[in-house]
Amino acid sequence: MKGAAGEPIGPAKQPVQPADLPVRAVELRRLFTTFGYLVAKQGATAVLGLAYWAVTTHLFSAGDVGLVAAASSAASFLGSIGALGIPLLLLAELDSLPAAVHRVAFSTGMYVACLAVLILSLATLALSPFLGGSLRIIGADSTTAALFVIGSVATMGTLIFDNVAIGLHRGSAQLWRGSLNSVLKLALVGALVLVGTRTARGLLFAWALALVASLACVTMLRLEPTPAGEGSLGHRVALVRRYGVLSLKHHILNLSINSVFYTVALIAALLISPRQLAYFSTALLVESTAMVIPYLLALSLFAEISGDQSLLHRHVRRTLPLGLALCAAIVVAAEVAAPLVLRIFGPAYVMNGTTALRLLVLVGPAYVIKDHYVAIRRAQGRLGHAVKMMAAGTCAEAAGAALGGIYWGMTGLCAGWAVASSCEAVALLPAVMRVFRRDPAVE
């Protein structure tokens, strides 16, 4: 049998032996347990987050809510820059290290990343007078500034915690931490209302304190005590030197993948009118929410696979068809139900955002291929090659969106992005299909 290009696909697969069935069952259970906890955490935080925003928007002024939204968005952005690839490195590599060094590797990564975000948040405060009306306020007084810095550093800490929980197959720890954070934030807001404190500073206090308190779930990671001498400064420096380059590769790769969303949003802001930008942003929010499940499936694959190429093959055969099937279902649902979904935002969004949403969901299947490609290259130890491909793909997607926006406005921007991302997926598909088709164990 031959593939599309005429090359042999490989020898016929040997039937799975009965002795292999328990091993396969364990592999499958681990993969979908990780996925299940990710989905549960995402669902729980989404529901509690909706309740939080419903309370704050009704009981606090729009200006105060906007300030906290700007501060938390800035903290997330600083986290993406200051992470230095450490969360992804720990997710991918920590489980392969001896259990005795898990705690010191985790704490070292936490110290380095949080220090980087601390420096970035202080720099942001220094520049806040020049960053526009919303962010200018975070440096207006020492209390607000301190809450912003604490919240920014804690945001980085929770990101590392969640990735370590996934990497160590402690999905319940991630679920509990995210839920605790959301519940505490909602409870603190309720307490503020009861004592008559309805200010932006109070909301910032609830945001920062809930993040810090949720890190108390660190005991659920069940990290072994650090052996004597392993926690010394010299040993930590050695860990940084050993994994520093790999961590930066993860960082560059992550930026090359995720920066396209910031870039496309910026292109939209530059090329289309504010009213059209509102419709585009709403459609993009709905699309991102709908496509989170296929993304979490690919993230589960990233956490589970290792240098075992046969295991990589088996997992890709499970996650790739499922991810594409989920995306196909979402695309079909969006084509039919887009007006119904957008109706909750108002009639104008139905009239002007339906086409944009129907085009944006077409980006989803391409990203299933893209996310699988990244996970495969990580397992193969070819991150450098993946970085180059992802950087080129990001440039192509940005160019497609820009050209479409210049000539055909919002609709052209969405279509240009969808076409460019689909072309990128076609270029990446052969590498993914090679792993999907061929099991090294039978070659």
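Which one is farthest from Ala427 (Cα to Cα), of the residues in the stretch 348-379 that are of a type in the set (S, T, N, Q) and open to solvent by less than 60 Å² (accessible area, probe 1.4 Å)? Spell out the reasoning first.
Residues of the stretch 348-379 of a type in the set (S, T, N, Q): 352, 354-355.
Still in the list and also open to solvent by less than 60 Å² (accessible area, probe 1.4 Å): 352, 354.
Details: Asn352: 33, Thr354: 29 Å.
Selected residue: Asn352.
Please find, among Leu204, Leu253, the residue that is modelled with pLDDT of 80 or more and touching a Gly at 6+ places or on another chain (Cβ under 9 Å).
The conditions single out Leu204.
Quick one: in the stretch 334-347, of everything that is touching a residue at least 12 places away in the same chain (Cβ under 8 Å) and closer than 17 Å to Thr282 by Cβ, which residue is most open to solvent (accessible area, probe 1.4 Å)?
Among them, the one singled out is Phe345.
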| field | Filter result for the condition that a residue is open to solvent by 10 Å² or more (accessible area, probe 1.4 Å), modelled with pLDDT of 85 or more and either over 30 Å from Gln276 (Cβ atoms) or in contact with a Cys (Cβ under 6 Å, 6 or more places away or on another chain) (or both), over Leu429, Leu403 | value | Leu429
| field | Residues of the stretch 379-398 that turn out to be in a helix (DSSP H, G or I), charged (D, E, K, R) and free of Cβ contacts under 8 Å to residues at least 40 places away in the same chain, as a count | value | 1
| task | Just one of (1) assigned to a helix (DSSP H, G or I); (2) within 30 Å of Thr143 (Cβ to Cβ) trips up Ile166, so point out which. | result | (2)
| field | Close pairs (7 angstrom Cβ cut-off, 6 or more residues apart or separate chains): closer than 16 Å to Ala386 by Cβ in the stretch 419-435, charged (D, E, K, R) anywhere | value | Glu424/Lys370; Glu424/Glu397; Ala425/Lys370; Leu428/Lys370
| message | Filter the stretch 91-110 down to the residues that are surrounded by 14 or more Cβ atoms within 10 Å (Cβ to Cβ) and not aliphatic (A, V, I, L, M) and list them by number. | response | Glu93, Asp95, His102, Arg103, Phe106, Ser107, Thr108, Gly109
| Every pair of residues 6+ apart whose Cβ atoms lie under 9 Å, when the first sits in the stretch 204-226 and is surrounded by 19 or more Cβ atoms within 10 Å (Cβ to Cβ) while the second is among the polar types (S, T, N, Q) and not in a helix (DSSP H, G or I) | Phe205/Thr197
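Determine which member of the set Ala173, Ala238 is modelled with pLDDT under 80, of a type in the set (Gly, Ala, Ser), under 16 Å from Arg103 (Cα atoms) and surrounded by fewer than 20 Cβ atoms within 10 Å (Cβ to Cβ). Show your work before the answer.
Numbers: Ala173 fails: surrounded by fewer than 20 Cβ atoms within 10 Å (Cβ to Cβ).
Unique residue meeting the criteria: Ala238.
The values are calculated or read from the model by the stated rules, or taken from the named source; none is laboratory data. This is a predicted model, so every value here is computed, not measured. Note: ideal-geometry Cβ built from the backbone for every residue, glycine included; neighbour counts use all protein chains shown. SASA here: full protein model, heavy atoms, side chains in, ligands and nucleic acids out. Shrake-Rupley method; radii C 1.70, N 1.55, O 1.52, S 1.80 Å.
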